[in-house]
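Each remark here refers to the structure printed beneath this line.
We did not get these values from a lab; they are worked out from the coordinates using the rules stated. Everything numeric in this text was worked out from a predicted model, so none of it was measured. We place every Cβ from the backbone using ideal geometry, glycine too, and count neighbours over all the protein chains shown.
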Amino acid sequence: MQFHGGQVRDLLDHPVCCDRLADTAGSAHPGRRQLLKAAVFGSPGDQSPAAQAVDEEDVDDRPPRAVTGTILDVSPHILVLAVGETEQRFALSASSKAWRGAPVPPAALGHGAWAMVRRHHSRASVADRIWAGAGRATGTIIERNGGTLLVDEGETRGRKILIIPDHALGRIQVRFPRLEPGYLIDVIGLRREGFLQGLTPATSQPAYRADHTPRSPLVSGHVPATITGAATWHEPGEEPDGLPGIAYPALDPETGCEEQTVPGAAGAGCIRLPYLSVGSQLRVRNNCANRSQLLPVIGCGAVARLFCDRCVICDTSPRGRVADLTMSSFVELGGELETGCFSATITIGG
C-alpha cells in the first residue's frame, strides 16, 4: 500500500474528521475543558499536583526512569537526547534494545526522532530500552477506506487517522478481524505527519460493537481496597512529555468528563469501578514487573471502559481496563510500549 499525501489531506479536510463529538452541554463545553486542563497542568509557572514528583514504593528494584526527548545524535556506543533545553547522554551497552516499529539496533535510530528512553535500573547513565516514534490509536472506527481508518478516541482526544500498510494488515486482522465502522480497534505503530502508521495489534478485538458494550454498575457505598485489571497507555496529546499520571475510566460525573458522551461509555464496562475525581491518588502496581508507584488521576479515560478485554502479557488479567497511563508512567512501571498493556492492581488512595 502506498501512503499518498492526498489521501491523508482528504481525510483531514473531511467535515467529520477532526471535529469533536456533539457537545451535549452547549456553551459550557469549552469552559469545562479549560478548567480540567488548568486543574491538571496548572497555569504557566504553577506546579500542579500532577506535575510534582510522585511517591515511589520499590518492591524489588527502584522503578526505572523514563526520559523523553528528541534524538540529536546516536552511535553504536552513545545516544544524545534533547530534553527541553538540555542534552542528556546515555551509554549504549550490549543489552540496550531499541524499537522503531520493530526491534532495531539502537545505532539505527534516526536523528530528529521523538524518543522515550528507560534508564538501566542499576546504571542511570545507561539506556536500557529506547522507543522512537511510538504511537497508538485506541477507540471506535468511524470510517474506513481500504487500509485507511478514521478512529474516534473520545471527546477529550478527538479523532485520529490510522493507515495500515499492506504488510501489517494481515497481522492486525488476526486479532482485529472486523475493521468496520462501529467496532473497536487498538493498534500500536509509528507517528507520522497527520496520521498513525499502524503496525501491530495492542490487544484482541472485542466481539461487540462499541455501542453494545457490556454494562456493570459502578461501585457505590463501600469502596474496594484494590481493583485488578489491565493497564494500558496513551499518547501525550495535550499533556506535557514526561507527565506522570492516569486517565481514569470512571471519572466523577460532576467533573463534566466529556468522554462520557461517547455512545455506550457511561456506566459501560465489565468491571466495577468507583467514581473518582481529578487529583485522586492511586497506587498502581505492575503485577508482571513487581513494581508500584503512587500516581494522580489527571483526566478522563472513559473510552477504556469500552474494552472488555484481558491483558495476557505475563499472566492473564481479569476482564476490563482499570488505568490508562501516560507513556512515561507506563514505562517507569516496567511496561513495554510495543506490548500495549500489563496486568495491574490499583489501590485507591495509595
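Think of region 124-228 as a dipole: +1 on every Lys or Arg Cβ, -1 on every Asp or Glu Cβ, centred on the Cα centre; then among P181, W131, Y208, W131 lies furthest on the positive end. Between the listed residues H120, L109, V74, the Cα displaced farthest toward the positive end of the dipole of region 62-132, a dipole computed from Cβ unit charges relative to the Cα centre, is found at H120. From most to least packed by mean Cβ count within 10 Å, the peptides 158-164, 281-287, 97-103 give 158-164, 281-287, 97-103. Rounded to the nearest Hz, the phi-derived 3J(HN,Hα) couplings of region 301-307 under the Karplus curve 6.51 cos²θ - 1.76 cosθ + 1.60 (θ = phi - 60°) are x, 4, 4, 4, 6, 6, 9, where x marks glycine and proline.
Please work out how much length the chain gains when fully extended from A94 to E193, using 0.36 nm per residue of separation minus the C-alpha to C-alpha distance, in nm with one decimal. Using 0.36 nm per residue and subtracting the Cα-Cα distance, I get 32.4 nm. Sorting the segments 140-149, 105-114 by their residues' average number of neighbouring beta-carbon atoms within 10 angstrom, most packed first, yields 140-149, 105-114. Each residue of region 174-187 was assigned a 3J(HN,Hα) from its phi angle through the Karplus expression (A = 6.51, B = -1.76, C = 1.60, θ = phi - 60°), giving 4, 9, 10, x, 10, 8, 10, x, x, 9, 7, 9, 8, 10 Hz with x at Gly and Pro. On full extension, the segment bounded by L294 and V104 gains 65.1 nm, given 0.36 nm per residue less the C-alpha separation.
With charges set only on the Cβ (+1 for Lys and Arg, -1 for Asp and Glu), what does the dipole of region 62-132 come to about its Cα centre, in debye to the nearest 20?
Computed about the Cα centre, the dipole is about 360 debye.
Backbone phi angles across region 147-153, fed through the Karplus curve with coefficients 6.51, -1.76 and 1.60 (θ = phi - 60°), yield HN-Hα couplings of x, 9, 10, 9, 10, 8, 9 Hz in residue order; Gly and Pro are listed as x.
Zone of D73 (label point 7 Å along Cα→Cβ, backbone N under 16 Å): which residues in region 94-127? So the set is 107-113.
Give me the log10 of I(q) over I(0) for region 62-132 at q = 0.16, 0.22 Å⁻¹, as the Debye formula computes it from C-alpha points; what are the numbers? Evaluating at q = 0.16, 0.22 Å⁻¹ gives log10 I(q)/I(0) of -0.44, -0.86.
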